[in-house]
Each structure stands twice: as structure tokens, then as C-alpha cells.
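Heads up, the thing below is written out as C-alpha cells.
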Amino acid sequence: MSPGEKLDPIPDSFILQPPVFHPVVPYVTTIFGGLHAGKMVMLQGVVPLDAHRFQVDFQCGCSLCPRPDIAFHFNPRFHTTKPHVICNTLHGGRWQREARWPHLALQKGSSFLILFLFGNEEVKVSVNGQHFLHFRYRLPLSHVDTLGIFGDILVEAVGFLNINPFMEGSREYPAGHPFLLMSPRLEVPCSHALPQGLWPGQVIIVRALVLQEPKHFTLSLRDQASRAPVTLRASFTDRTLAWISPWGQKKLISAPFLFYPQRFFEVLLLCQEGGLKLALNGQGLGATSVNQQALEQLRELRISGSVQLYCVHS
């Protein structure tokens, strides 16, 4: 993209906020586009051995005086004889009736992955993949535009995602796969083994950041003979996203082009009978047909191009 060139207009629902790694606590950040039903916030970190308490606040603004309303206050407390979590709402400078959850699923000295899943009427919270609590909104979710993290917590990553569009209510939560924190992260090109091939219901997840002066992003699924019956390619030169057949034929995908420098994205591929469904940044973009036998014979997920990888999972 040349200097001064304008980005194509993209619906807010297609834009994902980049993850933040190792922020200093207290940490306050704007939530791009605010909160809405179907949005997820993923918090990855460690509880210090000497922790007393920490809190995660979903705020309506970020002013210091007056203090902003807090639509959802999540407050684990470790310093009592019975560690627990307090949830509450701050409105007009006054705390509302607090809700208490015993049997805290967090432990001092241990790492954790907390997923906040925002629905139409309530927020659900899972800890390390297990449902922990739900809290009904007392203030409109649309008023929330700020995330605040305070107290005794070592934050490794904060991620802002959209709910998996392939979920159909069969499971409480989507899988909250953690971000890769080691440096360097996954090298590109990247090869990820598929020892059992792909089977109906299996989901491939790729999260990455587009680098400066990008040329392409290519995701291919290959069999033992290194043939690629499935290839997804984003071309930065002509701003197209397309399926590429084993014979080089291109089938364009109708969607806003998201792959611009320093933009974060998530690709989901859902295996189903006879093909793969595609979602980009939580938005379903149709499917491509693939013979089931060919899917079962796949053995490698290969990623190349001008991206920095944060998560590859199958």
C-alpha cells in the first residue's frame, strides 16, 4: 500500500482489535467499537504467589473524576480464608448489590486463561476452559468502551475476539486457545501437523498480524504427497481473497478486504461433510467443496506470507 493511500471502508464488525502482550498493571485501554453481543475478551496471565486481589472492570468511559460507571466488575479475592469472586456494577458513583461466587477457580502461583463472553442479556465467564459464572447486565452493554485491569495480577496477553460463528449452542463456550507468548513466535513459513486429517466438526484457528509492506498470506492444507487440495490466499497487490484449486484456478470470496499492515485477523475453518466453512474475524464467508476422503488424507497445515503468527490450532 503506497503512502497516503486510503483503506477501503470496512464494517466495524469485521475489524478486530490487536492483542496486547505483557501490559503493565494498572492497565486501561479503549475497546475498539465498544462491546456488543457476540464479542469476547480473553485474559491470559499468572496469579502471583503473594496476590491479595485483582479486578477486571468493563467501564463506561475512562475519566478519573468523576469515576466512570462500571457495567461489570470482576474481582477475585485470595486473602480470605475462603477465596471467592465478587461481581458488581458501579452506577453514578455507587456500588450496586454485589454477587459472590465461592470455590474460586484461580490459584496463587498458577497461570490462567479467562474468557469473558458477552451475550444479549448477560456475560459468561470461563476459567481455564470451564464455566465459572454468569452475570446479568445492569447497565446497557452498548455503553461499555473501556477495559481496566488493576491489582495483583501478571497479565501476559489481552485478546479481543468475536464469537465463533459456527457455534450452534451445542457447547457453553468456544475454545479459548491461548496466544503464543514465546519470542520468537511461530516462524513463517509455518508447518502444523494434521496427523489424523480433518473430520466433521474439527476447527482450524489461525490468528496473526499483517506485517508492513505485505505481499500475500497463504494457508494451504496438504496431503502426504504434499498436494494441496485446499488453498486460501489473500493477495495484497489486487486486494482479493480467494480459494485456489490444485490446478491454480481462483475462486474469489466476496468479503471486505481486511489484510492491511498492522491489522490483526483470525481465520476459522470448520470441517464439515464434503467441505470447509470459512469465517474471518468472526464473520461467516461461505464454504468450499472438498471430497471427504481428501479431507481425511490431509496431513499438514502450511502458512506462509507477510504475517506474524500468534496462534495456530487444529
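The values are calculated or read from the model by the stated rules, or taken from the named source; none is laboratory data. From a predicted model like this one, the values you see are computed outputs, not experimental measurements. Counting neighbours? That spans all protein chains shown, and the Cβs are built from the backbone with ideal geometry, glycine included. Accessible surface is based on the protein model in full, side chains and every heavy atom, while ligands, DNA and RNA are left aside. Shrake-Rupley method; radii C 1.70, N 1.55, O 1.52, S 1.80 Å.
Going through (1) closer than 22 Å to Leu161 by Cβ; (2) touching an Asp or Glu at 6+ places or on another chain (Cβ under 9 Å); (3) in contact (Cβ under 8 Å) with a residue 40 or more places away in the chain one by one, His73 falls short only on (3).
When you scan the range 151-160, do you find a residue that is in the same structural domain as Phe32 (by the TED database), surrounded by fewer than 17 Cβ atoms within 10 Å (Cβ to Cβ), out of contact with any Phe, Trp or Tyr (no Cβ under 9 Å at 6 or more places or on another chain) and assigned to a loop (DSSP other than H, G, I, E, B), even just one? No: the range 151-160 contains no residue that is in the same structural domain as Phe32 (by the TED database), surrounded by fewer than 17 Cβ atoms within 10 Å (Cβ to Cβ), out of contact with any Phe, Trp or Tyr (no Cβ under 9 Å at 6 or more places or on another chain) and assigned to a loop (DSSP other than H, G, I, E, B).
Pairs are defined by a Cβ separation below 8 Å, a sequence spacing of at least 6 or placement on different chains, a first member in the range 211-236 that is open to solvent by 60 Å² or more (accessible area, probe 1.4 Å), and a second member that is assigned to a strand (DSSP E or B) and of a type in the set (S, T, N, Q); the pairs so defined are Leu211/Gln308; Arg233/Thr218.
Yes or no, residue by residue, for (1) closer than 23 Å to Gly282 by Cβ; (2) in contact with a Ser or Thr (Cβ under 8 Å, 6 or more places away or on another chain); (3) outside the structural domain of Leu280 (by the TED database); (4) at pLDDT 90 or above:
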position	(1), (2), (3), (4)
Glu172	yes, yes, yes, no
Phe179	yes, no, yes, no
Pro189	no, yes, no, yes
Leu232	yes, yes, no, yes
Ala242	yes, yes, no, yes
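Which of the strands (runs of 3 or more DSSP E) found entirely inside the range 238-314 contain at least 1 residues meeting this: under 19 Å from Met40 (Cβ atoms)? Filter on the range 238-314 gives 264-272, 275-280, 283-289, 307-313.
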